[in-house]
1. When you scan the range 63-81, how many residues do you find that are open to solvent by less than 60 Å² (accessible area, probe 1.4 Å) and free of Cβ contacts under 8 Å to residues at least 24 places away in the same chain?
2. Taking the range 237-250, which residues are under 17 Å from the mean Cα position of the chain (by Cα) and more than 16 Å from Gly62 (Cβ to Cβ)?
3. How many residues are of a type in the set (D, E, K, R) and outside any helix (DSSP H, G or I) when one looks only at the range 1-18?
4. Given the criterion touching a Cys at 6+ places or on another chain (Cβ under 8 Å), modelled with pLDDT of 95 or more and surrounded by 20 or more Cβ atoms within 10 Å (Cβ to Cβ), identify the matching residue among Ser173, Ser166.
5. So is Pro161 touching a Lys or Arg at 6+ places or on another chain (Cβ under 9 Å) and either touching a residue at least 24 places away in the same chain (Cβ under 8 Å) or open to solvent by less than 40 Å² (accessible area, probe 1.4 Å) (or both) or not?
6. Go through (1) under 21 Å from Val142 (Cβ atoms); (2) in contact (Cβ under 8 Å) with a residue 60 or more places away in the chain; (3) touching a strand residue (DSSP E or B) at 6+ places or on another chain (Cβ under 7 Å) and name the single condition Pro243 misses.
7. Looking for something within 11 Å of the ligand (Cβ to nearest atom), hydrophobic (A, V, I, L, M, F, W, C) and open to solvent by 20 Å² or more (accessible area, probe 1.4 Å) - is there at least one such residue anywhere in the range 182-205?
8. Restricting attention to the range 145-158, report how many residues are open to solvent by 100 Å² or more (accessible area, probe 1.4 Å) and in a strand (DSSP E or B).
Amino acid sequence: MPELDEVLITKLILDAFKEDFSKSLDLDVAIVGAGPSGVTAAYYLARSGVNVAIFERNLYVGGGMWSGGILFPRIVVQEAAKQVAEEMGVSLRKAAEDYYVADSVESVVKCTMAALSAGAKIWIGFSVEDVVIRPYNDGYRVCGLVINWSAVELAELHVDPVTVRSRVVIDASGHEASIARKLVDKLPRAVLPTDTGGVVGELPMWAEAGERAVVENTREVYPGLIVTGMAANAVFGSPRMGPIFGGMFLSGKKAAEEAMRLLKKYK
Ligand code: 48H
């Protein structure tokens, strides 16, 4: 056995990162956030041959799904979302009429594996701090992401970010709706199709209404920008729903369908 060469190990990492990350510089679809809605959207897009990558601020994927409900690592999925969850390989156990339970850790792993196996890329430790815009009709179109290392953001260092081009962007950033918020903060003339024209903010818990709304709210809210998951309910002012995840899976699937429709428009 030859002696292990530390510098060669370093070089292999640098070279592999450069080769792989270069393929994520010019994307069909860029997704912000690797929670259940973002990962589901990535799975359906990649499965259709779309060049898609997720940029996730944390060093782990899964967002709010890891922890189940109050750290009891189980999630609930309703009948309407059973097929989507099972398509990604999640094992569901019938627990009551129309209700299934799943292991939250297994759910994150299976959904992530489904997305990766289909060809999606997931980049962890990247914080999306802005979007790229270009003139479009009377306003602008979102056509990329501005990213930085999360460590830079946490350390509050002044380090200039880098850019990724993307024909469509999906905001799957969860309760924060960080990308939609950034857009309306920075573009005061950007009007979203909500009651206030901006990000309304999520309402208190009402599982039935929240789960229904999250699918309805999943759509393009500004040219080139789709919202999905809790970000969609935060944008439109719809209720939260607690640790039931069927709506997140169904919303992610709808976000993928919307993105594929937009890819025909934004060549
Ligand atoms: C990079 C970012 C950025 C950024 C955020 O919170 P999530 O799990 O989001 P969803 O919508 O897929 O799922 C929501 C669900 O987990 C949940 O919280 C539910 C159902 N709550 C109901 C209730 O009543 O509370 O994942 C979002 C991900 C996270 O991993 C963030 O770290 C990441 O997005 N993220 N990544 N750049 N600017 N902002």
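The values are calculated or read from the model by the stated rules, or taken from the named source; none is laboratory data. Note that the structure is predicted; figures quoted are calculated from it, not measured. Virtual Cβ from ideal backbone geometry, glycine too; neighbours counted across all protein chains shown. Please note that ligands, DNA and RNA were not included when accessible areas were found on the heavy atoms of the full protein model with its side chains. Shrake-Rupley method; radii C 1.70, N 1.55, O 1.52, S 1.80 Å.
1. If we filter the range 63-81 for residues that are open to solvent by less than 60 Å² (accessible area, probe 1.4 Å), which is where we start, we get 63-65, 67-69, 73, 75-78, 81.
Imposing the further condition that a residue be free of Cβ contacts under 8 Å to residues at least 24 places away in the same chain reduces the set to none.
Number of matching residues: 0.
2. The first filter runs over the range 237-250 and keeps only residues under 17 Å from the mean Cα position of the chain (by Cα), leaving 245-250.
Gly246, Gly247, Leu250, listed by residue number.
3. So in the range 1-18, the residues of a type in the set (D, E, K, R) come out as 3, 5-6, 11, 15, 18.
Filter once more, so that each one left must be outside any helix (DSSP H, G or I): 3, 5.
Total meeting the criteria: 2.
4. Numbers: Ser173 fails: touching a Cys at 6+ places or on another chain (Cβ under 8 Å).
Every option except Ser166 fails the conditions.
5. Details: touching a Lys or Arg at 6+ places or on another chain (Cβ under 9 Å): no; either touching a residue at least 24 places away in the same chain (Cβ under 8 Å) or open to solvent by less than 40 Å² (accessible area, probe 1.4 Å) (or both): yes.
Answer is no for this residue.
6. (1)
7. Let us first name the residues in the range 182-205 that are within 11 Å of the ligand (Cβ to nearest atom), namely 182, 202-205.
Subsequent filtering for residues that are hydrophobic (A, V, I, L, M, F, W, C) retains 203, 205.
Right, trim to open to solvent by 20 Å² or more (accessible area, probe 1.4 Å) and you get 203, 205.
Looking for residues that are within 11 Å of the ligand (Cβ to nearest atom), hydrophobic (A, V, I, L, M, F, W, C) and open to solvent by 20 Å² or more (accessible area, probe 1.4 Å), one finds at least one in the range 182-205, hence yes.
8. Our first condition is that a residue be open to solvent by 100 Å² or more (accessible area, probe 1.4 Å); within the range 145-158, this holds for 149, 154, 156-158.
Next, only the ones that are in a strand (DSSP E or B) stay: 149.
Summing the residues that are open to solvent by 100 Å² or more (accessible area, probe 1.4 Å) and in a strand (DSSP E or B) in the range 145-158 gives 1.
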